[in-house]
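Student: Once you've had a glance at the structure underneath, I'll fire off some questions.
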Amino acid sequence: MATPLVAGLAVATVAYAGKYSIQAWNAFKARPPTVRMRKFYEGGFQPTMTRREAALILGVRESTALEKVREAHRRVMVANHPDAGGSHYLASKINEAKDMMLRKTKGGGSAF
């Protein structure tokens, strides 16, 4: 006698769960698209490198300590080194960015 009752409750529970799942999915699909944070700067290089652009290339703030700039340069250079399949152009820009952040350059350009 209890078996039909338990089976009925199980069917009703599954039906309600399915109903609410469908409603939640439709609400999820109908929500407006959100603006996602971009991890990387989207855009080309400026003709003359600025401290802002150098900081963006290295992934640090403009006011970062010199040791952090060196660590960031090493990290980015390992990922983009020409001997490891990276581009000579990007390597020159990364080195130019390091020089700009370490104040070793007075706004010179890259080799390209």
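The values are calculated or read from the model by the stated rules, or taken from the named source; none is laboratory data. Just so we're clear, the structure is a prediction, and the values are computed from it rather than from any experiment. Quick reminder, even Gly has a Cβ in these numbers, built from the backbone with ideal geometry, and neighbours come from all protein chains shown. Just the protein is used for accessible areas: all its heavy atoms, side chains included, with ligands, DNA and RNA removed. Shrake-Rupley method; radii C 1.70, N 1.55, O 1.52, S 1.80 Å.
Student: If you go through segment 14-27 one residue at a time, do you hit one that is under 30 Å from MET101 (Cβ atoms), surrounded by 10 or more Cβ atoms within 10 Å (Cβ to Cβ) and without any contact (Cβ under 8 Å) to a residue 24 or more places away in the chain?
Tutor: no
Student: Those residues that are surrounded by fewer than 11 Cβ atoms within 10 Å (Cβ to Cβ), part of a loop (DSSP other than H, G, I, E, B) and modelled with pLDDT of 80 or more, I need them from segment 29-47; list them, please.
Tutor: Correct list: ARG31, PRO32, GLN46, PRO47.
Student: Here is a further query. Regarding VAL60, is this residue more than 18 Å from the chain's Cα centre (by Cα), open to solvent by less than 50 Å² (accessible area, probe 1.4 Å) and in contact (Cβ under 8 Å) with a residue 12 or more places away in the chain?
Tutor: Criteria not met by VAL60.
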